[in-house]
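Asks: The structure's right below; bear with me while I get my questions together.
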Amino acid sequence: MKRGDLYRVFRPGGDVKRQRVFAIVSRQALIDSRFSTLICAPVFSTAEGLSTQLPVGIDEGLKHLSWITCDNLVSIRKSELTNYVGSLSRTKLDQLNHALRIALDVS
């Protein structure tokens, strides 16, 4: 498991969908630790054109064009991240970092 991996989570807490894909955005040290949860960004099939939304699709293991939404970060138990979908390329990971900086207002 690593930063930028995408996992399908079934029945995510509070979500109206039966399943949703999430991108892991926690730092690798936390992922490798015994800590039980990770910070993840949900993937949606629609976008609002925000700079905090990153397009992803077939190259990342998804069935169609979707968007990682960095304005809606959630904590998910590692035990729920079992259905691996794909991974972000180095370029996409850099774009994710940029979107997270904007979402969190970090320079």
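Only the coordinates and a few stated rules stand behind these numbers; no lab work does. A quick note: this is a predicted structure, and the numbers were derived from the prediction, not measured. In this analysis, Cβ positions are derived from the backbone assuming ideal geometry, glycine residues included, and neighbour counts consider all displayed protein chains.
Asks: Please identify every one of the chymotrypsin sites (Phe, Trp or Tyr not before Pro) in segment 1-67 that sits in a loop by DSSP and has no more than 16 other beta carbons within 10 Å of its own beta carbon.
Replies: Filter output for segment 1-67: F35.
Asks: Need the full-extension length gain, R90 to K2, defined as separation in residues times 0.36 nm minus the C-alpha distance. One decimal, nm.
Replies: In short, 30.4 nm is gained.
Asks: Not counting the cut sites, what is the longest span of the chain without trypsin sites (Lys or Arg not before Pro) that DSSP labels loop and that have at most 13 other Cβ atoms within 10 Å? Numbers along the way, then the final one.
Replies: Details: sites that count: K2, K17, R18, R27, R34, K63.
Of all site-free stretches, the longest is 64-107.
Asks: Moving on. Taking the chain as a Gaussian network, Cα atoms linked when under 10 Å apart, which of T91, T52, T37 shows the biggest mean-square fluctuation?
Replies: Greatest mean-square fluctuation among the candidates belongs to T91.
Asks: Would you work out which of L104, L65, Q28 lies farthest towards the positive end of the dipole of segment 5-104? Charges go on Cβ: Lys and Arg +1, Asp and Glu -1.
Replies: Q28
Asks: Let me ask something else. Along the Cα→Cβ direction, 7 angstrom out, place labels at L50 and R11. What is the inter-label distance in nm?
Replies: Roughly 2.8 nm, to one decimal.
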